[in-house]
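This report refers to the structure that appears directly beneath it.
The values are calculated or read from the model by the stated rules, or taken from the named source; none is laboratory data. Computed from a predicted model, the values in this text were never measured in an experiment. Positions of Cβ are generated from backbone atoms using ideal geometry, with glycine treated the same way; all protein chains shown enter the neighbour counts.
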Ligand code: SAJ
């Protein structure tokens, strides 16, 4: 197997690495020179457990390399971002650009797999973008000039990517010919999960459905936390009690929902069926309103101090990763920085080495060490339940105002 993986982000790079370590000859393609250099040196440009070892092994054995250019290959895996733009409309420009960079390298007979989480119809859109550039190619099966397209959405959990790539079941959606079977054969090199075969459109929607399901369930927990706070009830105890029922399994509330998946994908369903996706839209809005709820709790407390010092524990979108994308913790710290008239914020994020640019504008945010921040702060705001924070015994913090948005210290206090 000679494979080109287009897009070396959180999904493309691990996929390229496991494919190469399973014996395929893999070229990873990225528009970012820094990423290309990192990979060619056998290094990973972000934090993901286990990826470093697999990647270094594949590069040193000569099975994996990175490039700015798309090479000719038998199979292409497209794993580029699919963000939204404007009023939550899907932005397919990265898929378009990937398709245009793949088009000139095709001869007929190749397999092109879209792996990015995508709105319904995106695989067809990608195929059309290629055919627009190459009118000599066709989707009609079994011709010498046929190009085969499939959608094989990733479903791995950041932080557990290397395990889940190998063990999760995979949905494979065929756009034309035997594209699905060919995609399955390729993924079977490294994936021991079950392969679930369908058409491309259903596969696209299935992936969105999974993330919308989780979003709706987290929204339920977040809405409960707002209600419980009004009614003076401990939401963590409330959920724990309710979850003893054999058919109730409520998720955990927090400061909001982040990441590049759950905070984004449900909008693709809303945009495809705006009149009908009422619950899904509402859940998004409930989760998106949670950071403001946290701010409305913290800001009045800060007003009690002349120059309040706030320790903000965590910036990542969830525990034990360095990913700040769509992070509610980051948004909360940014808003605190904008709205605090005086004082400062000590941001504690053990997984990063410097503050993101958005937090350096006002000069009132400092990247601090955990215990130092606890010592200096008047107010402690726990935003991410990183292991280091969870393992800390907060009993000594009694003289401070502590707001634990994750319930991480609940059982210890
Ligand atoms: N969160 C809560 N309460 C919870 C669970 C999560 O507030 O009880 C928050 C997290 O703190 C985080 C956000 O939700 O901010 C999302 O975290 P997550 O761990 O639920 O999911 P992601 O975004 O890391 O990964 C999801 C996964 N999808 C599902 O579990 C249905 C993963 O399997 C997908 O591959 C991934 O999206 C993706 O790429 O689409």
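Name the residues in segment 138-164 that are over 19 Å from residue 116 (Cβ atoms), more than 16 Å from the ligand (Cβ to nearest atom) and assigned to a loop (DSSP other than H, G, I, E, B), would you? Of everything in segment 138-164, those that are over 19 Å from residue 116 (Cβ atoms), more than 16 Å from the ligand (Cβ to nearest atom) and assigned to a loop (DSSP other than H, G, I, E, B) turn out to be 139, 140, 141, 142, 143, 144, 145. Answer yes or no: is there a residue in segment 187-195 that is within 30 Å of residue 318 (Cα to Cα), at pLDDT 95 or above and part of a helix (DSSP H, G or I). Within segment 187-195 (the criterion being within 30 Å of residue 318 (Cα to Cα), at pLDDT 95 or above and part of a helix (DSSP H, G or I)), the answer is yes, since at least one residue qualifies.
The condition of being free of Cβ contacts under 8 Å to residues at least 60 places away in the same chain and touching a strand residue (DSSP E or B) at 6+ places or on another chain (Cβ under 8 Å) holds for only one of 168, 178, 217, that being 178. Looking at this structure, is residue 243 surrounded by fewer than 24 Cβ atoms within 10 Å (Cβ to Cβ) and not assigned by TED's automatic domain parsing to the domain that holds residue 362? Spelling it out, residue 243 is indeed surrounded by fewer than 24 Cβ atoms within 10 Å (Cβ to Cβ) and not assigned by TED's automatic domain parsing to the domain that holds residue 362.
Residue-wise test of (1) in contact with a helix residue (DSSP H, G or I) (Cβ under 6 Å, 6 or more places away or on another chain); (2) away from the ligand (no atom under 16 Å from the Cβ); (3) at pLDDT below 95; (4) part of a helix (DSSP H, G or I).
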| position | (1), (2), (3), (4) |
| --- | --- |
| 181 | no, yes, no, yes |
| 201 | no, yes, no, yes |
| 205 | no, no, no, yes |
| 208 | yes, no, no, yes |
| 213 | no, no, no, yes |
| 217 | no, no, no, yes |
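Could you please let me know if residue 45 is within 17 Å of residue 323 (Cα to Cα), in a loop (DSSP other than H, G, I, E, B) and more than 16 Å from the ligand (Cβ to nearest atom)?
Criteria met by residue 45.
Please specify each residue of segment 364-413 satisfying the condition of being under 20 Å from residue 304 (Cβ atoms) and in a loop (DSSP other than H, G, I, E, B).
Of everything in segment 364-413, those that are under 20 Å from residue 304 (Cβ atoms) and in a loop (DSSP other than H, G, I, E, B) turn out to be 364, 377, 378, 398, 399, 400, 405.
For segment 217-240, a residue qualifies if it is loosely packed, with under 13 Cβ neighbours inside 10 Å and closer than 18 Å to residue 283 by Cβ, and exactly one does: 227.
Of all residues in segment 265-283, those satisfying the criterion of being touching a helix residue (DSSP H, G or I) at 6+ places or on another chain (Cβ under 8 Å), over 15 Å from residue 224 (Cα atoms) and in contact (Cβ under 8 Å) with a residue 40 or more places away in the chain are 265, 266, 267, 268, 269, 270, 279, 280. Restricting the search to helices (runs of 4 or more DSSP H) fully inside segment 247-343 and requiring at least 2 residues that are within 18 Å of the chain's Cα centre (by Cα) and within 16 Å of the ligand (Cβ to nearest atom) gives 265-272, 278-288, 328-339.
Would you check if there is a residue in segment 190-201 being farther than 30 Å from residue 405 by Cβ and surrounded by 23 or more Cβ atoms within 10 Å (Cβ to Cβ)? The answer is yes; a qualifying residue exists. Regarding segment 18-32, can at least one residue be identified that is touching a helix residue (DSSP H, G or I) at 6+ places or on another chain (Cβ under 7 Å), surrounded by fewer than 18 Cβ atoms within 10 Å (Cβ to Cβ) and at positive phi? Looking for residues that are touching a helix residue (DSSP H, G or I) at 6+ places or on another chain (Cβ under 7 Å), surrounded by fewer than 18 Cβ atoms within 10 Å (Cβ to Cβ) and at positive phi, one finds none in segment 18-32, hence no.
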